[in-house]
Amino acid sequence: MPRVVPDQRSKFENEEFFRKLSRECEIKYTGFRDRPHEERQARFQNACRDGRSEIAFVATGTNLSLQFFPANLHGDQRQVPAREYVDFERDTGKVYLKAPMILNGVCVMWRGWIDLQRLDGMGYLEYDEERAQEDALAQAAFEEARRRTRDFEDRDRSHREDLEDPVVSKIWD
């Protein structure tokens with residue numbers, strides 16, 4: 001289970017890293033930089049259709065490897081991302097993308113678009129309130145299960161110690 005920080009919203013709103021990336025800014029596709037531009041265009045479109053891509057925020061140099069699937073679904077090779085996550089039809093010559101992730105312990109959603117010819121565009125991060133609540137509930141359930149397991153192990157150990165204690169065993173004789 002990926003770890004998230006206790007107060008995700010506060011971290012998202014107060015850290016400079018997130019403040020910079022939460023403003024819409026220039027992005028570029030960073031895959032296959034050593035290949036000809038036409039090949040990069042084709043590879044970018046194929047990668048998007050497969051549900052993944054690599055982008056960089058130009059101003060900060062922050063590189064992200066994105067997966068365009070719902071947060072609870074990890075991309076399967078045979079799976080095609082929904083139009084909600086990869087939309088080639090909204091605007092001619094552009095693809096609109098959406099990618100949920102946990103970044104530095106905070107549930108965020110990356111949103112943006114990329115020009116299919118130039119392989120650049122605009123993008124930003126937003127705090128993913130819904131996913132943060134789900135992760136908080138999952139984390140609480142996980143901690144509760146760990147606590148119950150610890151309690152069971154403590155009771156089991158105590159029971160075994162009682163069985164091994166000679167004073168207690170004489171009582172049973």
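A count restricted to region 77-102 and to residues that are farther than 16 Å from Ala47 by Cα and buried (at least 18 other Cβ atoms within 10 Å of the Cβ) stands at 3. Contact map, region 109-127: residues that are in contact (Cβ under 8 Å) with a residue 60 or more places away in the chain paired with residues that are surrounded by fewer than 17 Cβ atoms within 10 Å (Cβ to Cβ) and β-branched (Val, Ile, Thr), Cβ distance under 8 Å, separation 6+ or inter-chain. Pairs shown: Asp120/Val58. Within region 72-105, the set of residues being farther than 18 Å from Glu130 by Cβ, at pLDDT 90 or above and either in a strand (DSSP E or B) or of a type in the set (A, V, I, L, M) (or both) comprises Val86, Asp87, Lys94, Val95, Tyr96, Leu97. For region 113-123, the set of residues classified as out of contact with any Cys (no Cβ under 9 Å at 6 or more places or on another chain) and either assigned to a loop (DSSP other than H, G, I, E, B) or open to solvent by less than 20 Å² (accessible area, probe 1.4 Å) (or both) consists of Leu116, Gln117, Arg118, Leu119, Gly121, listed by residue number.
Rundown of residues vs (1) in contact with a Ser or Thr (Cβ under 7 Å, 6 or more places away or on another chain); (2) modelled with pLDDT under 90; (3) among the polar types (S, T, N, Q); (4) closer than 30 Å to Val5 by Cα, yes/no style:
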residue	(1), (2), (3), (4)
Met109	no, no, no, yes
Ile114	no, no, no, no
Tyr124	yes, no, no, yes
Arg131	no, yes, no, yes
Asp135	no, yes, no, yes
Arg146	no, yes, no, yes
Glu153	no, yes, no, yes
Arg157	no, yes, no, no
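The values are calculated or read from the model by the stated rules, or taken from the named source; none is laboratory data. Bear in mind the structure is a predicted one, so any value in this text is a computation, not a measurement. Ideal geometry is used to build each Cβ from the backbone, glycine not excepted, and the neighbour counts take in all protein chains shown. These accessible areas exclude ligands, DNA and RNA; they are computed on the full protein's heavy atoms, side chains included. Shrake-Rupley method; radii C 1.70, N 1.55, O 1.52, S 1.80 Å.
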